[in-house]
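Report on the following structure.
The values are calculated or read from the model by the stated rules, or taken from the named source; none is laboratory data. All of these numbers come straight from a predicted model, not from anything done at the bench. Cβ: placed from backbone, ideal geometry, glycine included. Neighbour counts: every protein chain shown.
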Amino acid sequence: MNDLNMQMKSELKSERSIGAILIDSGKLSINDAEQILHLQKSENLRFGDAGIKLGLLSEVDIQRALAHQYDYPYLLKGDGAVSETLVAAYNPFCHQVESLRTLRSQLMLRRFTGQPNRKMLSVVSPGRGEGRSYLAANLAVVFSQLGERTLLIDADMRNPCQHDLFKLENRRGFSSVLAGRDDLQAVQRVNNFVDLSVLTSGATPPNPQELLGRSALTHLLHSLNEAFDVILIDTPAATEFADAHMLAARAGAAMVVARKNFTQLELVRQQTENMAQSGIEVVGSVLSEF
């Protein structure tokens with residue numbers, strides 16, 4: 001029986017089937033998989049349907065295995081790897097994430113075309129509390145799920161939050177690299193998302209605008225541009241500081257975020273016009289309900 005089990009496990013693994021994935025993840029034992037295979041053959045069912053009928057698997061287990069099989073990573077509630085407010089990481093099949101994928105497709109057509117000078121996009125909004133950082137974080141997740149080497153930069157050195165959303169340490173990051181105290185080793189890979197990295201804000205400096213005005217920013221973005229396919233830059237509130245405009249100019253393009261029933265549309269119009277007059281490509285605007 002042990003030889004039979006080992007042979008079955010070998011066959012499952014060689015095909016990287018759902019069964020093999022569930023065994024490797026600890027969701028199924030070899031004996032459980034054998035019961036499912038017997039029912040699958042006798043009733044001509046799919047492996048997952050047979051497992052659910054026997055009460056050995058849930059629909060969530062099947063969705064997770066399918067996502068793994070097709071290299072589409074996401075997390076289960078309670079994993080704790082990143083904040084559960086990141087809907088794209090935990091619930092990729094809901095209508096909110098479908099909207100994010102639609103936005104991703106639009107950005108692939110309008111901005112991320114594969115050309116070396118079209119890899120960066122700043123995410124801007126007039127004020128705080130408009131969902132800018134949350135949208136940037138979820139967009140970074142869905143781009144990485146597409147297989148794009150994705151970097152999210154938390155360039156809001158005044159009110160950073162990406163380190164909290166992705167549960168990363170923030171002792172070094174964007175500010176320390178610009179100050180010359182760190183290098184690209186400050187970029188952190190996000191666990192469970194092989195194509196997603198984050199450059200957190202780093203310690204809050206006394207002179208954010210002066211740091212952004214240094215040549216170090218140009219050198220940093222040039223180096224990152226060679227290492228990643230998609231670079232999203234989360235910026236401070238545009239009506240409070242000039243940082244967002246400076247960052248958008250360095251990135252070459254911006255996406256403007258407004259929150260439904262919250263943001264003053266006149267501020268969005270002014271911000272869009274100011275960037276356009278500075279030669280910044282405004283790829284579009286997003287009305288967020290997050």
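Checked against (1) assigned to a helix (DSSP H, G or I); (2) buried (at least 17 other Cβ atoms within 10 Å of the Cβ), GLU148 passes all but a single condition, namely (1). For segment 194-215, state whether one or more residues are closer than 15 Å to LEU152 by Cα and modelled with pLDDT under 95. Yes, segment 194-215 contains at least one residue that is closer than 15 Å to LEU152 by Cα and modelled with pLDDT under 95.
Let's see how each residue does on (1) touching a Pro at 6+ places or on another chain (Cβ under 6 Å); (2) touching a residue at least 40 places away in the same chain (Cβ under 8 Å); (3) of a type in the set (A, V, I, L, M):
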position	(1), (2), (3)
GLN162	no, yes, no
SER176	no, no, no
ARG181	no, no, no
LEU184	no, yes, yes
PRO205	no, yes, no
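Filtering segment 189-226 to residues that are assigned to a helix (DSSP H, G or I), touching a Lys or Arg at 6+ places or on another chain (Cβ under 7 Å) and surrounded by 18 or more Cβ atoms within 10 Å (Cβ to Cβ) leaves PRO208, LEU217, LEU221. Mind checking whether some residue in segment 228-249 is more than 22 Å from PRO160 (Cβ to Cβ) and touching a Lys or Arg at 6+ places or on another chain (Cβ under 7 Å)? Looking through segment 228-249, at least one residue is more than 22 Å from PRO160 (Cβ to Cβ) and touching a Lys or Arg at 6+ places or on another chain (Cβ under 7 Å).
For segment 216-242, which positions are touching a Ser or Thr at 6+ places or on another chain (Cβ under 6 Å), under 23 Å from THR204 (Cβ atoms) and not hydroxyl-bearing (Ser, Thr, Tyr)? Spell out the reasoning first.
Of the residues in segment 216-242, the ones touching a Ser or Thr at 6+ places or on another chain (Cβ under 6 Å) are 230, 233-235.
Within this subset, residues satisfying the condition of being under 23 Å from THR204 (Cβ atoms) are 233-235.
ILE233, ASP234, listed by residue number.
Listed conditions (1) assigned by TED's automatic domain parsing to the domain that holds MET246; (2) surrounded by fewer than 18 Cβ atoms within 10 Å (Cβ to Cβ); (3) part of a loop (DSSP other than H, G, I, E, B) are all met by ARG172, apart from (2).
Taken as a whole, the condition of being crowded, with 20+ Cβ neighbours inside 10 Å, of a type in the set (A, V, I, L, M, F, W, C) and in a helix (DSSP H, G or I) does not apply to ALA249. Being free of Cβ contacts under 8 Å to residues at least 40 places away in the same chain, more than 22 Å from LEU221 (Cα to Cα) and part of a loop (DSSP other than H, G, I, E, B) is a property that holds for GLU84. Screening the candidates ASP24, ASP61 for the property of being under 19 Å from LYS77 (Cβ atoms) and either surrounded by fewer than 17 Cβ atoms within 10 Å (Cβ to Cβ) or under 32 Å from the mean Cα position of the chain (by Cα) (or both) yields one hit, ASP61.
For segment 268-289, the criterion of a residue being crowded, with 22+ Cβ neighbours inside 10 Å, touching a residue at least 40 places away in the same chain (Cβ under 8 Å), part of a loop (DSSP other than H, G, I, E, B) and on the phi < 0 side of the Ramachandran plot is satisfied by no position.
Among the residues of segment 61-78, at least one is under 20 Å from THR150 (Cβ atoms), among the hydrophobic types (A, V, I, L, M, F, W, C) and either outside any helix (DSSP H, G or I) or at pLDDT 95 or above (or both).
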